[in-house]
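Please read the structure below before turning to the comments.
Taken together, the values in this text are just the output of simple stated rules run on the coordinates, not laboratory data. Since we're looking at a predicted model, the values are computed, not measured. Glycine also receives a Cβ, built like all others from the backbone with ideal geometry; neighbour counts cover every protein chain displayed.
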């Protein structure tokens, strides 16, 4: 079961004190970070002119994509067409899982049958994660700029921690203390087993 908000807060206070700040991840070094510091003031970056073409994504046209090998790292559930995978290790969010097709497809490539199944699995996965203890919301995100193979993020966030809401909640994943490996793996197994009640098989 995920840590309670009180347990998370206690771990943070133990690490940095009540008025202390957690170490900030190096977001200012990311190309996509939209602000920069000028004379000690944060300002939007100057917009660069358009490129001649979009930069190729990882695994474009199936080349260099991890699906080429047929082996998915961190596999927790699958059926004949879809897989759910996890992160490599626990992070600050209680649980982050990814839904992806086994075939090399992006969102716009799904036919009606695949799209319908994508919707059904997404709702089931969201519902199961949302019913874990101490979860406030489950954010469902698909950005699509990093990899050409469709992978949708399901990000469970803690309830009742007032700063950890909305689109910036995932940034806390690198700052908050992670759950123990045992708790994290038990939560993954619970989700995979519940998914397998509907379809497919648990792989953890």
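Here the simple spin-label model places points 7 Å from the Cα toward Cβ, and for residue 81 and residue 36 these points are separated by 4.6 nm. Computed packing ranks the peptides 137-147, 20-30 as 137-147, 20-30, most packed first, by mean other Cβ atoms within 10 Å. Sorted fewest first by neighbouring Cβ atoms within 10 angstrom, 183, 12 come out as 183, 12.
For the chain, what relative contact order do you get, as a whole percent, if you take Cα pairs closer than 8 Å and at least 6 residues apart? Before the final figure, lay out the partial values.
Working: 299 pairs, mean separation 58.6, N = 204.
With pairs under 8 Å counted, the relative contact order is 29 percent.
For region 141-204, the equivalent ellipsoid derived from the alpha-carbon gyration tensor has semi-axes of 23, 19, 11 Å in decreasing order. Note: relative contact order over region 93-204, using C-alpha pairs below 8 Å and six or more positions apart, is 32 percent.
Remark: 103, 80, 201 ranked as 80, 201, 103, counting other beta-carbon atoms within 10 Å and listing the fewest first. In terms of overall dimensions, the C-alpha atoms belonging to the chain reach 51, 49, 26 Å along their principal axes, ordered largest to smallest. With only Cα atoms counted, region 37-86 has Rg and Dmax values of 19.4, 56 Å.
Cβ crowding within 10 Å, taken as a proxy for footprinting-reagent exposure, orders 118, 158 from fewest neighbours to most as 118, 158.
Taking only the Cα atoms of region 89-204, the ratio Rg/Rh comes out at 0.97, with Rh defined as the Kirkwood radius.
For region 1-110, the Kirkwood radius over C-alpha pairs fed into Stokes-Einstein at 20 °C and 1.002 mPa s yields D = 114 µm² per second.
Taking R0 as 30 Å, what FRET efficiency do you get between residue 112 and residue 61 from their Cβ-Cβ distance, rounded to the nearest 0.05? Efficiency for this residue pair is about 0.80. Each residue, residue 141 and residue 69, gets one label point 7 Å from its Cα in the Cβ direction; the gap between the two is 2.6 nm. When peptides 34-42, 84-92, 149-157 are ranked by their average number of other Cβ atoms within 10 Å per residue, the highest-first order is 149-157, 84-92, 34-42. Treating r as the C-beta distance of residue 28 and residue 130 and R0 as 22 Å, the FRET efficiency rounds to 0.10.
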